[in-house]
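Step one of this worksheet: look at the structure below.
The values are calculated or read from the model by the stated rules, or taken from the named source; none is laboratory data. Model, not experiment: these values are computed from the prediction. Here the Cβ is made from the backbone with ideal geometry for all residues, glycine too, and neighbour counts use every protein chain on show. Keep in mind that these areas ignore ligands, DNA and RNA; they rest on the heavy atoms of the full protein, side chains included. Shrake-Rupley method; radii C 1.70, N 1.55, O 1.52, S 1.80 Å.
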Amino acid sequence: MEYFRFSSGNIWKVAIYTLLVAPSRQVKMNIHIADTESEIDRALPVLNQLRSSFTLAGLKAQIIRQMNDGFKLVYLTNGNTVVSVAGFVITEKLGWGKTLYIDDLVTDAGQRSKGAGKLMIDWLKAFAKENGCSQIHLDSRLSRLETHRFYEREGFTKASYHFSITQLGN
């Protein structure tokens, strides 16, 4: 089954998919690329579940700053409800080549295990391929074991440790 179609190298602004939940029930989900402030606003409450150290206003300001450097924000809706959000960049690294790097990926706590996360990952894979990426990467906190199992089911492997210095000081 083909979920995603691209036209002339450009992804559709809104992609509509039907997710078969049960033989008698279909759920239509839409993936939107947030290009405007009002679209960013729609995604903020779900994204804030992952990035809870931000106020909504602070999160929005940070997203807009990052968009100036190529950051993209997409969100998946079921009807009028935002159920999943992803933030990513396309980058090039010596070790990876052209890569889609997922900065943020979250499904609303009340909507998990209903197919939205898988649909978002499938969309990100298709977007990466369409944009000439050979890989997708992400980091995930060590404590998020359930999330790691999800990523592994979706084809991700644990490839490395990520090291950081979080307090450089001035």
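From the list Leu119, Leu138, Leu124, the one residue that fits, being out of contact with any helix residue (DSSP H, G or I) (no Cβ under 7 Å at 6 or more places or on another chain), open to solvent by 20 Å² or more (accessible area, probe 1.4 Å) and among the aliphatic types (A, V, I, L, M), is Leu138. Looking only at residues in the stretch 80-116 that are surrounded by 17 or more Cβ atoms within 10 Å (Cβ to Cβ) and hydroxyl-bearing (Ser, Thr, Tyr), the one that is farthest from the chain's Cα centre (by Cα) is Thr99. Considering the stretch 141-170, and only residues there that are of a type in the set (Ser, Thr, Tyr) and surrounded by 10 or more Cβ atoms within 10 Å (Cβ to Cβ), the residue that is modelled with the lowest pLDDT turns out to be Thr147. Would the stretch 48-61 turn up any residue that is modelled with pLDDT under 95 and open to solvent by less than 70 Å² (accessible area, probe 1.4 Å)? Scanning the stretch 48-61 turns up at least one residue that is modelled with pLDDT under 95 and open to solvent by less than 70 Å² (accessible area, probe 1.4 Å).
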